[in-house]
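Structure first, then comments.
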Amino acid sequence: MLKQDTIAAIATPSGTGGVGIIRISGPASEKIARLIFHPSRPDCEWVSHRLYHGDIVSIDGRTILDEVLVSLMRRPHSFTGEDVLEINCHGSPVIMQAILSQLMQAGCRLARPGEFSQRAFLNGRVDLSQAEALAALVGARSEKTCAIGLAHLKGALKAEIENMRSLLVEVLAVTETSIDFAEDISGREALEIMPQLTTLTQRLQALIASYQTARIYAEGINVIITGKPNVGKSSLLNTMTGKNKAIVTDIPGTTRDLITGTIDINGIPVNLVDTAGIRKPQNSIEKAGVDLAWENLASADLVIVLLDGSKPLTEEDKEICNGIAAKNYLVAVNKTDLPSSWEPAEINKMLPEGRILKISAKFGRGIEDLKNMIVSYAVTDHIDNAGEVMITNMRHKAALEKALGNIKKAKENTICGMSPEFSAFDLREAMDNLDEITGRRIDDAVLDKIFSSFCIGK
């Protein structure tokens with residue numbers, strides 16, 4: 001239930017910045033603002049959606065806290081559908097907290113996480129999929145994820161769900177008519193809903209299938225760099241990320257823990273992990289690092305086996321190759337700036353697919369080719385052929401899968417000639433599943449949980 005109080009929160013990220021924004025929403029927004037905002041022109045009229053220059057002053061009128069710009073957006077033409085006021089101040093955390101404190105004294109309540117978006121939903125400004133798109137957009141890690149989030153915010157997913165819902169309504173109407181007028185409607189006429197059910201099945205399947213591709217754009221792919229000590233794993237991580245993430249020395253076993261870095265390859269976040277060199281451990285600490293390396297290989301989308309091309313292959317190299325043979329892998333032969341000591345054909349005996357690339361992590365040779373191969377081998381879906389509407393939210397995927405299951409049941413019931421009451425029940429369930437996505441039908445506890453994951457200023 002929507003509370004009719006006035007809330008406030010800092011809307012910009014924590015830390016120091018050039019500009020900070022404090023957002024207020026609720027019926028008392030303008031009244032509270034007038035208590036602490038002194039405009040440069042005292043006779044200004046406070047027209048909606050205009051910027052006003054002035055000072056934020058303590059409630060007692062004794063202290064000027066900051067020189068600011070203030071905008072008032074009167075309901076219903078605001079994000080929340082309520083009177084909304086935004087204070088653009090200097091981005092010092094001290095200043096923003098001081099202004100927020102004065103707002104609390106003037107009658108505001110500190111907003112809960114996601115409460116502004118929740119009010120926008122409850123006031124009918126956005127549906128639930130659009131509200132969730134805001135959170136996804138804020139946390140986007142790639143341009144593609146931004147594009148998906150923006151499309152949802154503009155109503156792409158909402159439109160797709162509503163179109164399927166409309167089709168469901170038509171099918172349900174025919175089904176319920178056959179219940180009311182069973183004597184006048186033949187089984188053949190009842191089967192006329194099958195094309196619509198098939199269409200719904202196909203559209204749901206396509207939308208569900210898009211999740212895996214969209215997840216790659218949203219979360220990235222996990223790439224583990226493995227190999228024996230001193231083959232250049234840390235150097236490769238540093239070269240690919242452009243940062244000195246890992247310590248590089250000639251001492252075997254320098255890397256004991258997992259060292260990570262993220263890069264963008266063709267719009268896809270790639271999470272690189274440098275692991276401890278795999279060999280017979282020399283002590284308990286190194287053993288823990290080696291064990292951790294093997295554990296993380298299991299969850300990797302792709303394993304890069306790094307070998308030293310300047311030294312003969314060892315039993316440790318062969319053990320590592322045999323250990324990843326059943327996984328998705330690439331073999332990178334490093335140190336090609338030095339004379340070669342073996343031929344790739346030796347690896348082909350153990351790894352028949354022969355996914356081998358020669359590089360020099362020290363001088364950056366072959367790194368761009370390696371990046372392209374990472375995406376080529378880690379992303380198995382045909383991402384270029386993905387549909388216009390994609391889903392990144394697990395909640396949406398679960399609801400769509402339930403709807404698909406119910407529609408399949410309705411199809412089976414119709415084909416088997418069962419009483420239309422059974423099909424009608426499944427169709428109503430499918431409709432409820434779709435309504436969970438847009439928020440037409442959703443439990444208050446679930447709603448609170450969804451918005452609690454949002455940032456406070458949103």
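FYI, it's all coordinate maths here, none of it is from the lab. Quantities reported herein were computed from a predicted structural model and do not represent experimental measurements. Glycine also receives a Cβ, built like all others from the backbone with ideal geometry; neighbour counts cover every protein chain displayed.
So here's what we get for this one:
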| item | result |
| --- | --- |
| Relative contact order computed over region 67-123 (Cα-Cα under 8 Å; 6+ residues apart), in percent | 33 |
| Förster-model FRET efficiency, 60 Å R0, Met350 and His38, C-beta, rounded to 0.05 | 0.20 |
| Residue pairs, from the table Lys408/Lys449; Lys233/Lys311; Lys158/Lys458; Lys327/Lys408; Lys144/Lys327, whose Cα atoms sit over 24 Å apart | Lys408/Lys449; Lys327/Lys408; Lys144/Lys327 |
| Prolate/oblate/rounded call for region 22-103, Cα gyration tensor, a/c under 1.5 rounded | prolate |
| 13 Å beta-carbon shell around Ser48, net charge (K/R +1, D/E -1) | -2 |
| Ranked Ser360, Ser178, criterion: other C-beta atoms within 10 Å, fewest first | Ser360, Ser178 |
| Antiparallel DSSP beta bridges within the chain, as percent of all bridges there, nearest 5 | 65 |
| Cα gyration tensor category, rounded, prolate or oblate, for the chain with a/c compared to 1.5 | oblate |
| Separation between Cα centres of region 42-66 and region 155-176, rounded to whole Å | 49 |
| Charge sum, other residues only, whose C-beta stays under 12 Å from Ala410's C-beta, Lys/Arg counted +1 and Asp/Glu -1 | 0 |
| Over the chain, relative contact order from alpha-carbon pairs under 8 Å, at least 6 apart, % | 16 |
